[in-house]
1. Hey, could you check the range B:152-201 for residues that are hydroxyl-bearing (Ser, Thr, Tyr) and more than 16 Å from residue B:227 (Cα to Cα) and say which is surrounded by the fewest Cβ atoms within 10 Å (Cβ to Cβ)?
2. Working only within the range B:1-43, note down all residues that are of a type in the set (Gly, Ala, Ser), in contact (Cβ under 8 Å) with a residue 40 or more places away in the chain and part of a loop (DSSP other than H, G, I, E, B).
3. In the set B:127, B:105, which member is of a type outside the set (D, E, K, R), under 22 Å from residue B:50 (Cβ atoms) and more than 14 Å from chain A (Cβ to nearest Cβ)?
4. Restricting the first residue to the range B:421-433 and requiring it to be farther than 19 Å from residue B:295 by Cα, which pairs with a second residue that is surrounded by 12 or more Cβ atoms within 10 Å (Cβ to Cβ) meet a Cβ separation below 7 Å and a spacing of at least six or different chains?
5. Which number in (1) surrounded by 14 or more Cβ atoms within 10 Å (Cβ to Cβ); (2) not in a helix (DSSP H, G or I) marks the one condition that residue B:52 misses?
6. Being in contact with a strand residue (DSSP E or B) (Cβ under 7 Å, 6 or more places away or on another chain), assigned to a helix (DSSP H, G or I) and not aromatic (Phe, Trp, Tyr) narrows it down to one residue among B:222, B:243; which is it?
Amino acid sequence: MSALASHFSYAVTIFLLVAGLFIIIARGNLIKKMVGLSIFQTSVFLLYIVPGKLVGGTAPIVAPGFQVYSNPLPHVLILTAIVVGVATLALGLALAVRVHEAYGTIEEDEILERDAAS
Amino acid sequence: MSFAQSVSANLPALQVVLPLLAAPLVLLLRSARAAFALTLVVSFACLAIAIALWQQVDASGPIFYAMGSWAPPWGIGYYVDKLAAFMLVLVSLTAAVAVPYSRASLAREIPADSHTLFYVMFLLCLSGLLGIVITGDAFNLFVFLEVSSLSTYVLIAFGRDRRALVASYQYLIMGSIGATFIVVGVGLLYLMTGTLNLVDMAERLADVRSSRPVLAALAFLTVGISLKLALFPLHQWLPNAYTYAPSVVTAFLAATATKVSVYVLIRFYFSVFGESLVFHKLPLPEIMLWLSLLAMFAANFVAIFQNNLKRLFAYSSVAQIGYITLGLSFDSVNGLTASIVHLFNHGIAKGAIFLLIGGIVLGIAKPGAVAPAPTFDRLAGLAKRMPLTCFGIVLAGLSLIGVPGTAGFVTKWYLILAAMERGQWWLVGAILLSSLLAVAYVWRFVETAYFRAPPADAENPAQLRNEAPLSMLVPAWLLIAATFWFGLDTSLTIGTALEVAQQLVRGQ
């Protein structure tokens, strides 16, 4: 139990990672799949950001009286990763719109049915 | 410093920045012809830069380039060694061949108003692929991976068939999962080493090499990159993506995208983790060996029964990637040489085939109509109408089989050498047997195109010569000539691959 408490952030990360992956696999709706993918990617943001924060650490600005600073690099990296995630989500949703125009549905099994029929 | 000197000193940055900056410029141009002209100039400039970098590396050893003069390991460093220069030449060469080809092909495959957008995406994809190869920073690698992947999804969605959209969506899901796995792996490595610079990371890993987070990082990176390089059974996205994408996109991707991913795998395995961890402490070589064998047999076997010519060669690509990973799994100089050289040899042969199939797609289309899928019933007797195209596919097909005299033979030769070194004679048999499967699908094309009577419909008189335009034939035939050139004169390809492999395997 104490192991879970001390690794709480990792437990959340892993839960989000697996939950996101599960949604991608288990849901046939193209929008829901994108939701899963977003959760999946968000879990990684946590993985990076949490270790960057030190208990009692401040923003990394040199000032008298402060000795412990948080590491800013993971945050900067994740800023980039968030942008990538947003771009992926936008493109995925745009594709879902185009699929809806072409097929009249965004359910994966119905799309496969319509392809098999044509 | 004179202009020429400063250009020469900043070549590693220019290699990536040039196509990256050209992309928004092309978007502003708004004219398809100007967009094509600028893309053409940029892709040739990229090839020139890649060759210049190659010569610099050849003359004076690996190049370190500190982006914005920030010293490593704090700043992002670009690092060009022989292997990177080799890959840069492959990627930019394929681009320089594909762009002149694209104009005639796109005119029939993509609505005229989106040609500009196509070239924007093409340049972004090119710059992403070049960036992956050249960067020496793990996170920067992920960013370039996503730049190239996102533009690839769009390029595939340009296909006229509505199934292209679904293929693109599926690739987006699989590709993003792969990329996220790679970020998790890089993140774990960063947590353990506190650095993102690949060279620095390799040094600091020495102390924590067998710790659990590092092993987890290795697992995440292996699965993530394997998704990207379409290692069997993670190849599900590839056949659809290759089949429904526009011809020029298929040719470009088949020759570059999966190959660059293999390059990333080699970098992480040999340069970062070190082969002692990857190949001696874990059962990774065995797993990779069996997955490669499965790819070689299952994908080749499935390829034989495909009805769509593009899909047939897409499955053949999965099988050929099996040869590349098979070479990797041997963990020997000869095996790695075969892998590295096959990146190039397969790239040019498969690139040529997909370029020629683009010609077929136009050739079998009725005037003014949307180009149909190149299914086998439409290919009957095609050799009479398109002799150069069909003969080209047969010649490049010989390289896929590995007939002596072609580049494909060189790879197989080194693979067999590596297998014999280990005393695994049954593997030699397996390599030869899987080549026989390649004979079967190439023969299927020969039989249909050369020996079957053309369909008797009035609109398509059998005697009519209907060859693809020269702008499409010349690039493809250049690649075919290269396939034979590098099959006979192996000093450049094998020389480089052998040198790189010796450094990577024995260097640690």
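The values are calculated or read from the model by the stated rules, or taken from the named source; none is laboratory data. If you're wondering where the values come from, they're calculated on a predicted model, not measured in any experiment. Every residue, glycine among them, receives a Cβ derived from its backbone with ideal geometry; neighbour counts consider all protein chains shown.
1. The first filter runs over the range B:152-201 and keeps only residues hydroxyl-bearing (Ser, Thr, Tyr), leaving B:152-153, B:168-169, B:171, B:176, B:180, B:190, B:193, B:195.
From what's left, more than 16 Å from residue B:227 (Cα to Cα): B:190, B:193, B:195.
Numbers: B:190: 23, B:193: 23, B:195: 21.
This residue is B:195.
2. Step one: filter the range B:1-43 for residues of a type in the set (Gly, Ala, Ser), giving B:2, B:4, B:6, B:8-9, B:13, B:22-23, B:31-32, B:34-35, B:37, B:43.
Now restrict to residues that are in contact (Cβ under 8 Å) with a residue 40 or more places away in the chain: B:8, B:13, B:22-23, B:31-32, B:35, B:43.
The one that is of a type in the set (Gly, Ala, Ser), in contact (Cβ under 8 Å) with a residue 40 or more places away in the chain and part of a loop (DSSP other than H, G, I, E, B): B:31.
3. Numbers: B:105 fails: under 22 Å from residue B:50 (Cβ atoms).
Of B:127, B:105, the one residue that is of a type outside the set (D, E, K, R), under 22 Å from residue B:50 (Cβ atoms) and more than 14 Å from chain A (Cβ to nearest Cβ) is B:127.
4. Within 7 Å, the pairs are B:421/B:332; B:421/B:334; B:422/B:330.
5. Against the list (1) surrounded by 14 or more Cβ atoms within 10 Å (Cβ to Cβ); (2) not in a helix (DSSP H, G or I), residue B:52 comes up short only on (2).
6. On the way: B:222 fails: in contact with a strand residue (DSSP E or B) (Cβ under 7 Å, 6 or more places away or on another chain).
B:243 is the lone residue from the list that is in contact with a strand residue (DSSP E or B) (Cβ under 7 Å, 6 or more places away or on another chain), assigned to a helix (DSSP H, G or I) and not aromatic (Phe, Trp, Tyr).
Residues are listed down the side, and each one gets a yes or a no for (1) of a type in the set (S, T, N, Q); (2) in contact with an Asp or Glu (Cβ under 9 Å, 6 or more places away or on another chain); (3) at pLDDT 90 or above; (4) more than 30 Å from residue B:281 (Cα to Cα):
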residue: B:293; (1), (2), (3), (4): no, no, yes, no
residue: B:308; (1), (2), (3), (4): yes, no, no, yes
residue: B:321; (1), (2), (3), (4): no, no, yes, no
residue: B:334; (1), (2), (3), (4): yes, yes, no, no
residue: B:348; (1), (2), (3), (4): no, no, yes, yes
residue: B:355; (1), (2), (3), (4): no, no, yes, yes
residue: B:358; (1), (2), (3), (4): no, yes, no, yes
residue: B:363; (1), (2), (3), (4): no, yes, no, yes
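The rows are residues; the columns are (1) under 21 Å from the mean Cα position of the chain (by Cα); (2) among the basic types (Lys, Arg); (3) at pLDDT below 85.
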position: B:461; (1), (2), (3): no, no, yes
position: B:465; (1), (2), (3): no, yes, yes
position: B:473; (1), (2), (3): yes, no, no
position: B:484; (1), (2), (3): yes, no, no
position: B:497; (1), (2), (3): yes, no, no
position: B:502; (1), (2), (3): no, no, no
